[in-house]
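The values are calculated or read from the model by the stated rules, or taken from the named source; none is laboratory data. Quick caveat: nothing in here was measured; it's all calculated off a predicted structure. No Cβ is skipped: glycine too gets one built from the backbone with ideal geometry, and neighbour counts run over all protein chains shown. SASA here: full protein model, heavy atoms, side chains in, ligands and nucleic acids out. Shrake-Rupley method; radii C 1.70, N 1.55, O 1.52, S 1.80 Å.
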Amino acid sequence: MTPTPPSITAVLDAARLVAAHLPQTPMWSYPVLNERLGAEIHVKHENVQPTGAFKVRGGVNLLARLPRSRRERGVLAYSTGNHAQSIAYAARLFGVPCTIVMPENPNEAKVAAVRALGATVEIKGATMVEAGEHAAALAEERGLHLVGVADDPDLIAGVGSLYLEMLTRRPDLDVIVVPVGAGTGASAACLVASAVAPRCRVVAVQSAGAPAAHDSWREGRLVRRPVRTAADGLATGSAFALPQGIMRGLDDFVLVSDDDIRAAQWLLLSEAHTLAEMAGAAPLAALIAREDAFAGLKVGLVCTGGNAGPAELRRVLG
Ligand SMILES: *Cc1c(COP(=O)(O)O)cnc(C)c1O
């Protein structure tokens with residue numbers, strides 16, 4: 001059963017809560033980027049969140065609203081990356097025990113980041129799907145609250161605070177470009193834009209190497225697709241009913257190549273002194289790939305995260 005989408009009131013409540021625990025992130029415009037792309041680009045810097053990615057907004061809102069009985073037992077999530085850090089950060093903030101299940105052969109830097117936030121890491125399963133099945137069984141067995149990936153209104157409402165900040169600061173944006181993995185970001189953008197800036201369009205971006213959300217949106221049903229992108233934050237093989245339903249409000253959904261994403265990553269580094277991980281550079285890749293579609297517009301570009309690992313960094317610089 002698909003949960004009900006959060007209301008704009010829930011997003012406003014979440015924004016107040018998130019503001020008590022996380023700083024507003026800056027949004028800057030870079031003249032060289034504007035000139036290069038022929039648009040007025042405003043980069044929203046979620047890469048400077050304490051966890052290095054926007055997801056922590058959803059984690060903070062979810063953990064803050066967890067009933068006390070559940071807080072005492074603890075939470076369990078499964079993720080290899082930014083979702084894990086988000087839940088671990090929020091759990092530490094509210095003094096909740098946290099376990100993260102990761103599939104085998106995890107990125108050691110990400111394991112270290114999650115452990116440093118005080119969470120317990122358990123390595124189980126060959127793939128994310130298997131890790132997820134293990135996580136569900138473990139949560140049941142230990143009486144822990146299982147945190148889902150995207151089908152949770154509290155996650156989406158928390159992420160909505162990002163788009164409230166953007167549109168409060170720049171209500172005149174013509175379009176917001178959002179990278180998509182599971183779809184919490186893009187669905188939150190749709191919810192907030194339709195409520196507070198209905199003439200602002202929302203365009204989603206995914207890697208052509210992992211098009212599950214894109215294909216689901218186009219086909220109007222949930223489909224699975226192989227994952228062949230190097231962009232961690234976008235490497236999702238399935239689609240989620242709650243965000244997909246809200247994403248009906250998207251104006252367009254664009255696919256970009258990993259090469260376009262790397263070119264955008266380099267452009268952000270060299271012209272906007274911004275270290276974006278691949279997923280965080282995907283919106284700029286969409287502008288590069290579709291320059292004509294965005295020419296002359298005021299574009300809100302979400303740099304969703306900056307957690308590029310050593311190998312990814314070497315590749316951008318090389
Ligand atoms: C998770 C993530 C995304 C995708 O967000 P969804 O809400 O899963 O669509 C984009 N960029 C970064 C950096 C992420 O961590």
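Could you please give the count of residues in the stretch 122-149 that are open to solvent by less than 20 Å² (accessible area, probe 1.4 Å), over 18 Å from residue 56 (Cβ atoms) and of a type in the set (A, V, I, L, M, F, W, C)?
Final tally of qualifying residues: 4.
Per-residue answers, yes or no, for (1) surrounded by 22 or more Cβ atoms within 10 Å (Cβ to Cβ); (2) touching a helix residue (DSSP H, G or I) at 6+ places or on another chain (Cβ under 9 Å); (3) outside the structural domain of residue 195 (by TED's automatic domain parsing):
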{"position": "19", "(1), (2), (3)": "no, yes, no"}
{"position": "23", "(1), (2), (3)": "no, yes, no"}
{"position": "29", "(1), (2), (3)": "no, no, no"}
{"position": "36", "(1), (2), (3)": "no, yes, no"}
{"position": "61", "(1), (2), (3)": "yes, yes, yes"}
{"position": "76", "(1), (2), (3)": "yes, yes, yes"}
Next item on the list: Tell me, yes or no, whether the stretch 31-54 has at least one residue that is within 19 Å of residue 79 (Cβ to Cβ), among the small types (Gly, Ala, Ser), within 16 Å of the ligand (Cβ to nearest atom) and in contact with a Gly (Cβ under 7 Å, 6 or more places away or on another chain).
Entry: yes
Next item on the list: Please go through the stretch 302-318 and pick out each residue that is more than 12 Å from the ligand (Cβ to nearest atom) and at pLDDT 95 or above.
Entry: none
Check: So, in the stretch 1-17, of the ones that are touching a residue at least 40 places away in the same chain (Cβ under 8 Å) and not in a helix (DSSP H, G or I), which residue ends up least open to solvent (accessible area, probe 1.4 Å)?
Finding: 6
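Looking at this structure, is residue 160 on the phi > 0 side of the Ramachandran plot, crowded, with 22+ Cβ neighbours inside 10 Å, in contact (Cβ under 8 Å) with a residue 60 or more places away in the chain and within 13 Å of the ligand (Cβ to nearest atom)? Let's see the steps before the verdict.
Values: on the phi > 0 side of the Ramachandran plot: no; crowded, with 22+ Cβ neighbours inside 10 Å: yes; in contact (Cβ under 8 Å) with a residue 60 or more places away in the chain: yes; within 13 Å of the ligand (Cβ to nearest atom): yes.
No: the conditions fail for residue 160.
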Check: So residue 180 fits all but one of (1) more than 13 Å from the ligand (Cβ to nearest atom); (2) within 13 Å of the chain's Cα centre (by Cα); what number is the exception?
Finding: (1)
Notebook entry, point to check: Which is hydrophobic (A, V, I, L, M, F, W, C) and over 21 Å from residue 282 (Cα atoms), of 64, 39, 53?
Noted result: 64
Note to self: Quick check on the stretch 265-277. Is at least one of its residues within 13 Å of the ligand (Cβ to nearest atom), in contact with a strand residue (DSSP E or B) (Cβ under 8 Å, 6 or more places away or on another chain) and among the acidic types (Asp, Glu)?
What the structure shows: yes
Item checked: Residue check for residue 57: away from the ligand (no atom under 16 Å from the Cβ) and within 22 Å of residue 11 (Cα to Cα) -> no
Checklist line | Those residues of the stretch 60-100 which are within 14 Å of the ligand (Cβ to nearest atom) and of a type in the set (S, T, N, Q), in sequence order | finding: 61, 79, 80, 82, 85, 86
